[in-house]
Every structure is written in structure tokens, then in C-alpha cells.
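A quick write-up on the structure given underneath.
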Amino acid sequence: MSKVLEIRDLWVAYEPGQWVLQGLQLQLKEAEVLALLGPNGGGKTTLLKTVLGLLRPQRGEVKVFGLPPEGARPLVGYLPQLSPDRGRFPVTVLDVVLMGRYAQVGLLRRPREADLQKAREVLRVLGLEGLQDRPFFSLSGGQRQRVLVARALAAEPRLLLLDEPSTGVDIIAQEDFYQLLGALRDREGLSVLLASHDIGGITALADRVACLNRQLHYYGPPGEALSPQVLERTFGAHMQFLLHDERCLTCRRQDG
Ligand SMILES: Nc1ncnc2c1ncn2[C@@H]1O[C@H](COP(=O)(O)OP(=O)(O)OP(=O)(O)O)[C@@H](O)[C@H]1O
Ligand SMILES: [Mg+2]
């Protein structure tokens, strides 16, 4: 299987000497979902931005489809991390999805019929066809999430980068969403790199898991990522926010 993403000895800092990513090695193959887990500030968004070519590493190498990140951008779809207070600009659902066609349309040109067709097609695939004329910010959190995924897919990417796609989405919508990603992987051969705090849910979908807290504490199949040793090394004191079930170290300690 061909390499979608190849990261070798990656070091990234925003300030000289303050390393946010330290010596990462990662790979992603075609039709694979890689889940990136880690605490706040662990470097997940930084890694996604480096893969997009928005940040330049100080050391190491990132290859996307064998190319430097800037060269591979037309093949990559990106869902940025949502902030709850992001502006309420008055755009329709269709407008938002058409933003995904900028690489094809160009920022200042009007979309052509082919772009409109592609946008309508992804809305249909995601079960959103009835919503295309609604104002984006009148939708529920889960519907918005789907629209943003539609926007990323409208670019017809071979690699999808998702930064915490389940923020603000209820558990049912979240499971639906993971099923959808699984179907796109299995049917279309899409590769997905997804940053998440949702350890329990995402490991059912992911083919591989990377536990990142500045360094990679684990990279491999999902089962072992949930071992108490790996979780404690990755999340440390943040553990209690992440996993309140039988695997939660904090709960187990409190239970005696
Ligand atoms: N533009 C920036 N300038 C300086 N430091 C930054 C910048 N962006 C992020 N950082 C720092 O880099 C570290 C990693 O941040 P990053 O956003 O990659 O973490 P994250 O894993 O995505 O966290 P979260 O789970 O909260 O989204 C943090 O310490 C953060 O403060
Ligand atoms: Mg982040």
C-alpha cells in the first residue's frame, strides 16, 4: 500500500528552543484512519498544521503523497478546530461547502456549474441535501459539523485532516460521524488523520493510534493505546478529564 504521509524525526517550535513537537516518526497509509490523542497543548493542532504546510519544521521531514506539504495541498482536505465563539457570518450551507472548492475555483472567481454539482453531491452523500439554503449558524452543532466535513470533502481530497471533529457534537451524532468516516475509508480509499480527545469512541474506528504529548508516547494499533501505562505517560494529570470508565486511573485510585 502506498504511503500517504511519512514523518521522520520531526521537530517544531514556535519560539527558539521551545519544542512543541520532539522527534516524531509517523506514517499513514492509503485507506487508513490514524487517530491522534493527547492532552490540551500536546501538539495535535501543531502537527496537523505542519502536515498542511502552514508551519515549517525546524528539523526533520514531512512528505505527503511523496511531496513536500505545500505541493500536496490540493490532495488534502482540512477541518480546523472549532472555537465556540467563532464569528457568526451570514453564509448558507451551500456557500460553506463551496469554500472547499477554492483550490479549483480560485478565491475571487465565481464557482462554475461543476463546482456547484460537486458541492450538491457531497451534501447528498452526507445526508444534508435539504439544508443547503439554510444559514450555516442556524444549524445544530452536529449538522454544522457535517457541513464542515462536506466542505473538506468538496475539495475531493485523498487525505482528510480533522482537528477535533466531535467538539460540540452529541454522542449519537459522534457515532454516526465515525461510521461515515469508516465508510469513506472503506469505499473511497480515503485516508484520515484525526485529532481527538475522545479516546473511547475513536479507537473503534481508528486503524492506528498515536498518543502525543510533545513526544510520541505510543504509535500502533488501538488496543494497546488504552493500556494504563500509555495513557498515564501521555495524559499525566489530565487523565481524569478524558476517560471516566473502568480504565480511568483517577477513578480507580479514588475507588481504592
Ligand atoms: N501560534 C502559536 N505561538 C506560540 N505557541 C503556540 C502557538 N500555537 C500553539 N502554541 C503552543 O504549542 C503547544 C501545542 O499547542 P497545540 O495547539 O498544537 O496543542 P493541541 O494538542 O492541539 O491542544 P488542544 O487539545 O487544546 O487543541 C501549546 O503549548 C501552545 O500554547
Ligand atoms: Mg488543538
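A short reminder: the numbers here are calculations on the coordinates, not readings from a lab. The structure presented is a predicted model; accordingly, all values stated were derived computationally and were not measured. With ideal geometry, Cβ positions are generated from the backbone for all residues, glycine too; neighbour counts draw on all protein chains shown.
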Can you check what the net charge comes to around E164, using other residues whose Cβ is under 12 Å from the Cβ of E164 (Lys, Arg +1; Asp, Glu -1)?
-> -1
Starting from the Cα of K44, draw a straight line to each of the lysines and keep only those under 20 Å, dropping any in the same chain fewer than 8 residues away.
-> K29, K63
What is the fewest-to-most order of D9, D176, D133 by other Cβ atoms lying within 10 Å of their Cβ?
-> D133, D9, D176
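Among the GluC sites (Glu not before Pro) in segment 1-83, which ones are in a DSSP loop with at most 16 other Cβ atoms within 10 Å of the Cβ? Mind listing them?
Numbers: sites: E6, E30, E32, E61, E70; in loops: E30, E32.
Filter output for segment 1-83: E30.
What is the extension gain from S140 to A114, computed as 0.36 nm multiplied by their sequence separation minus the C-alpha to C-alpha distance, in nm to one decimal? Don't jump to the answer; show the numbers that get you there.
Values: separation 26, 0.36 × 26 = 9.36 nm, distance 2.85 nm.
Using 0.36 nm per residue and subtracting the Cα-Cα distance, I get 6.5 nm.
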